[in-house]
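The values are calculated or read from the model by the stated rules, or taken from the named source; none is laboratory data. What you see is a predicted model; the values in this text were computed from it and never measured. Neighbour counts are summed over all protein chains in view; Cβ atoms, including those assigned to glycine, are modelled from backbone coordinates with ideal geometry. What goes into the accessible areas is simple: the full protein's heavy atoms, side chains included, and nothing from ligands, DNA or RNA. Shrake-Rupley method; radii C 1.70, N 1.55, O 1.52, S 1.80 Å.
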Amino acid sequence: HVIEGMIAVGETVDMSVCADGRQHTCKNHSATHLLQKALRTVLGEHVEQKGSLVTPTRLRFDFAHFQAMTAEEMAKVEALVNEQITADLPVVTAEMTVDEAKKSGAMALFGEKYGDNVRAIKFGESMELCGGIHVQNTADIWSFKIVSESAVAAGIRRIEAISGDAVRAFYQNQEAT
């Protein structure tokens, strides 16, 4: 946030990162990777990311799928993500060429253009090309909860979910209600 005045090219500025917001964003971003792997496991290999939003408070994941998910499918996906979280998996980051990444089985995002070298993120069986921020270990996420699943467009579904402290707050709110 600019506190005073305007920023112009060439000026020197003092900046700081909101450590708490960054930590929550890391959890939600890493959870989207685990979510995609779980969706492909439960629904099939046709599932591919069509968009996402990661904030400190929630995550949104749009994906290709031809019908609404059943309650049983959502429960299986949520359970798979939470199994990966409790498995206490280290998050491994590696830089490699695009060809090396493809040979290693890394998934690439829709319509992205990559340079000669890419960054691959691996959590257990999930490996994707990604330049974003992540937790160091899946256990850092603490927990994952699907809040909703809906249609976005023909053949595109959307999952809204939360992780970490937001899950604790969700259940506390449920108990209070």
Val118 - would you say it is touching an Asp or Glu at 6+ places or on another chain (Cβ under 9 Å), in a strand (DSSP E or B) and not small (Gly, Ala, Ser)? yes
Does Ala87 satisfy the criteria of being of a type in the set (Gly, Ala, Ser) and free of Cβ contacts under 8 Å to residues at least 40 places away in the same chain? no
Pairs only if they're at least six apart or on different chains, beta carbon under 7 angstrom, first in the stretch 149-177 and hydroxyl-bearing (Ser, Thr, Tyr), second surrounded by 13 or more Cβ atoms within 10 Å (Cβ to Cβ) and part of a helix (DSSP H, G or I); list them, first residue then second. Ser163/Lys27; Ser163/Asn28; Ser163/Ala31; Ser163/Ile141
I want to confirm something. Restricting to the stretch 152-164 and keeping residues that are aliphatic (A, V, I, L, M) and under 15 Å from the mean Cα position of the chain (by Cα), which single residue is most open to solvent (accessible area, probe 1.4 Å)? Ile162
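Could you grab me the full set of residues in the stretch 135-151 that are open to solvent by 30 Å² or more (accessible area, probe 1.4 Å) and within 17 Å of Val54 (Cα to Cα)?
Asp140, Trp142, Lys145, Val147, Ser148, Glu149
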Examine the stretch 101-108 for a residue that is under 22 Å from Glu160 (Cα atoms) and either out of contact with any strand residue (DSSP E or B) (no Cβ under 6 Å at 6 or more places or on another chain) or open to solvent by 20 Å² or more (accessible area, probe 1.4 Å) (or both), and state whether such a residue exists. yes
Working only within the stretch 57-80, note down all residues that are open to solvent by less than 40 Å² (accessible area, probe 1.4 Å), aromatic (Phe, Trp, Tyr) and over 21 Å from Ala120 (Cβ atoms). none
Just name the residue that is farthest from Ile146 (Cα to Cα) out of those in the stretch 81-91 that are in a helix (DSSP H, G or I) and open to solvent by 50 Å² or more (accessible area, probe 1.4 Å). Thr86
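Every residue, every condition in (1) over 16 Å from Gly132 (Cα atoms); (2) in contact (Cβ under 8 Å) with a residue 40 or more places away in the chain; (3) not aromatic (Phe, Trp, Tyr), yes or no:
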| position | (1), (2), (3) |
| --- | --- |
| Ile7 | yes, no, yes |
| Ala19 | no, no, yes |
| Asn28 | no, yes, yes |
| Thr32 | no, no, yes |
Note on the stretch 11-33: residues open to solvent by 100 Å² or more (accessible area, probe 1.4 Å) and outside any helix (DSSP H, G or I) are Glu11, Thr12, Asp14, Met15, Ser16, Val17
Given Gly111, Gly132, which one is open to solvent by 60 Å² or more (accessible area, probe 1.4 Å) and modelled with pLDDT under 95? Gly111
Looking at Ala139, Ala94 in this structure, which one is small (Gly, Ala, Ser) and assigned to a strand (DSSP E or B)? Ala94
Test: residue in the stretch 36-56 that is touching a strand residue (DSSP E or B) at 6+ places or on another chain (Cβ under 8 Å) and closer than 16 Å to Lys122 by Cα: yes
